[in-house]
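To start, the structure under review is shown below, and the notes come after it.
The values are calculated or read from the model by the stated rules, or taken from the named source; none is laboratory data. Computed from a predicted structure; not experimentally measured. Glycine gets a Cβ as well: all are built from the backbone with ideal geometry, and neighbour counts include every protein chain shown. In case anyone asks, the SASA skips ligands and DNA or RNA and just uses the protein heavy atoms, side chains included. Shrake-Rupley method; radii C 1.70, N 1.55, O 1.52, S 1.80 Å.
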Amino acid sequence: MTLLSPLSAPPAPLAAIALARIDQGVCLHEADGRLIYANPAAEALSAAQHGIWSGQQFDPRSALYNTGECLELLGALDAALFESCVRRTVREAEALHARFLPGADGPVQHLEPREDWELVRVDVREAADPWAAARDWMREDLARPVDLTQGPLFAQVLFQAGPERFFWYQRIHHVAMDGYGFSLLTRRVAELYTAHGSGRAPGMGFGPLWPVLREDAAYRASAQWELDRAFWLQRLADRPTPASLAPSAPLSSGFVRQTHLLDKAATERLQDAGRRAGLNWTDLVIATTAAFLHQETGARDIVLGLPVMSRLGSAALRVPCMAMNIVPLRLAIRPGQGLFELGREVAAELKRLRPHQRYRYEQLRRDLKIVGGERRLFGPVVNLMPFDQGARFAGLRSLSHNISAGPVEDLSVGVRVLAEGQGLSVDFDANPACYGADVLAAHQRGFLELLERGLTAPEAPLVSPSRREATAHPDALSSGALLDGGPLPVPAHPVLSLLSERTRERPDAVAVEHGPFRLSYAELMRAAGALAQELRERGVRPDTLVAVQVPRSVDAVVAHLGVLLAGAGYLPLDPFGPEARTATLLEDATPGWLIAPATPPEPKAAPVAPGGLAVRRNERLVSTAASAPDTPNAPAAPPIMADST
């Protein structure tokens, strides 16, 4: 593999530039009639961008949100012309040039077009398997974190695999681009390349990003937003526990994938079945996914995640950016249903939720109080891409390859239309902390077998009693709660009662230890009791919510127990987490009081002695209650020092 210098041909120079004010931004107008927008002022983030940005803040050095697409080009490619077209497209796509910086009221983005990036060329002609070599290079590149404060948010690479075989790879951070946005970029480059060869003038480029941002802000302040919120809260009022094929686990830095290609004949068979039933083929894929989940888990209440474009009728329809949303698709499974019957229920549910699909799933999680930990809004995601991602470059053939669609929380069933009517690609992407490669392959085989059975006899029962249903408890079947741990092996006892009992039995035994600092059970309960008394004196009552923002330490245990002893509930906050996320949690939960170290903690600091907590009023909470001065709580009993011998 050889890394070559950037393509030498420079982009076409700007023949003439005139500045003209356009409402919210500055328009750079070129002589060929092309418009490029630049807005040097700080812009607020859209809700879609903010969701990705917030996720990135948990680990700024993570490459989790990198996404990648590759287009295989077959034919005699004019590499210099290709670079010129890519550069012009990147220049027109304003979202690619964003830098995200702190603002007075949260993060803001600066949209500043830049030319200081390279279209890298990599020669893989000498590799035994050029595609495997290029794919390994792409995967390594996807693991490189992106600095959102500096950028660039993208990489553009051209691999040469033969005299007439090339791979065009794009890596873009998810905060700037979704799957549909990738297709807009691809088609624009193809349009420019083809227009140059035919001598025709290309169409107008992309519009600016600011109308998309204004439209998003207007929606969030509208009555429709309230109507959408009410719809989802009613639809998920009972907070269903999503069924899954594996226990939940934290997000991983990568994913495992199993790919199966449905050839042209199989794809036409699926499409024909949909037409016969008056459905889209996508309805049948969703129905099969729900039926397979029921077959494997016994769950009858299925909640799938469904990515939606959120672009129809929007300014974002012709603007490459991050706009997609994921909506919960809830289905009730009944034994005896055939593929067509279940597909019709899918279509009906999609029709019900379509007017409300702009309501962000991140906000819905906050509304339902399922933020944090490993709690989920939905189970497997069904990511349907019914648009052909291929494009014609002046007669060259093209084949699309998805490299990464972004993070996978559990399982993603991705079905993509391949270029030139070649069929469908069925990708099973999974969190490796939940699924091994062998297990994932078995699930994909089971899904494809169920789809085949449904297409063979679409009116016959597709949903039969599952393998688990014969032994599952009836209540578990009705709830579909595979993630429910089931009944406790012993009768439940309150935590405080257990601690009090242990304190009476062994008051001098070590209860908690951090570095050289220890507290016995008696000392722990005494310190927690003192904090509880202070909270009660400040007006904390049963069911009051108290935020606890204390790093891992002995004091963290004291703080949580003190809140419980006061009869209140605690809201744990990460003391080193993103300020925007902390502010959102405080605004949403509105705790009356906040417990934090009297001295601001430092990340990765050495363990500190207990007894340094302070109780503060939550200043974000609008209240008429009198504010008490900040004072440290009663110090804990002297810690038991670790033995020095």
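Numbers at a glance
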read-out	value
Distribution of pairwise C-alpha distances over segment 292-333, 5 Å bins, in %	6, 20, 19, 15, 11, 10, 10, 8, 2
Cα-based equivalent ellipsoid, segment 502-604: semi-axes from gyration tensor eigenvalues, Å	25, 18, 9
3J(HN,Hα) from dihedral phi, segment 305-317, Karplus parametrisation 6.51/-1.76/1.60, rounded to Hz, x for glycine, proline	x, 10, x, 10, 5, 6, 10, 4, x, 10, 5, 6, 4
Given charges at beta-carbon only (K, R positive; D, E negative), |dipole| of segment 114-225 in Debye	340
Surface accessible to a 1.4 Å probe, residue 560 within the full protein complex, Å²	50
Mean separation of Cα contacts under 8 Å (6+ apart) over length of segment 92-185, as relative contact order %	31
Zero-based 10 Å bins, Cα pair distances in segment 336-412, whole percents	12, 29, 32, 21, 6, 0
Segment 184-322 - accessible surface per residue (Å², probe 1.4 Å)	44
Counted charge near residue 108, where neighbours are those whose Cβ lies closer than 13 Å (Asp, Glu -1; Lys, Arg +1)	-2
Karplus-derived HN-Hα couplings along segment 279-288 (A = 6.51, B = -1.76, C = 1.60, θ = phi - 60°), whole Hz, x at Gly and Pro	10, 8, 4, 5, 4, 6, 5, 4, 4, 5
3J(HN,Hα) from dihedral phi, segment 505-511, Karplus parametrisation 6.51/-1.76/1.60, rounded to Hz, x for glycine, proline	6, 9, x, 9, 5, 5, 9
Segment 486-546 - Debye-derived log10 I(q)/I(0), Cα point model, q = 0.23, 0.24 Å⁻¹	-0.98, -1.00
More than 17 Å apart - percent of Cα-Cα pairs taken over segment 82-196	60
Accessible area of segment 111-196 belonging to carbon and sulfur atoms, whole % at 1.4 Å probe	45
Space enclosed by the convex hull of the alpha-carbon atoms of segment 252-364, per residue, Å³	173
Accessible heavy-atom area order of 590, 544, 267, highest first, probe of 1.4 Å	590, 544, 267
Percent accessible area from carbon and sulfur atoms, segment 529-592, protein chains only, probe 1.4 Å	50
With DNA, RNA and ligands ignored, accessible area of residue 210 (1.4 Å probe; Å², nearest 10)	40
Kirkwood Rh and Cα Rg combined as Rg/Rh, segment 113-254	1.08
Which of 194, 288 is most accessible, then next, and so on - probe 1.4 Å	194, 288
Residues with amide H under 5 Å from that of residue 122, placed H, sequence gap 5 or more	4, 158, 159, 160
Area accessible to solvent at residue 354, 1.4 Å probe radius, in Å²	130
Rounded percent of accessible protein surface that carbon and sulfur make up, segment 220-339, 1.4 Å probe	54
Hull shadow area, averaged, segment 305-460 [alpha-carbon convex hull, nm²]	12.1
Kirkwood Rh and Cα Rg combined as Rg/Rh, segment 214-294	1.10
In segment 123-232, GluC sites (Glu not before Pro) in a DSSP loop with at most 15 other beta-carbon atoms within 10 Å	126, 164
Sequence-distant residues sharing a close amide H with residue 546 (under 5 Å, placed H)	569, 570, 571
By accessible area with a 1.4 Å probe, ligands and nucleic acids excluded, highest first: order of 193, 361	361, 193
Amide hydrogen neighbours beyond the local backbone of residue 308, cut-off 5 Å, H modeled	325, 326, 327
4 °C / 1.567 mPa s Stokes-Einstein diffusion coefficient of segment 524-578, Kirkwood radius on C-alpha pairs, µm²/s	116
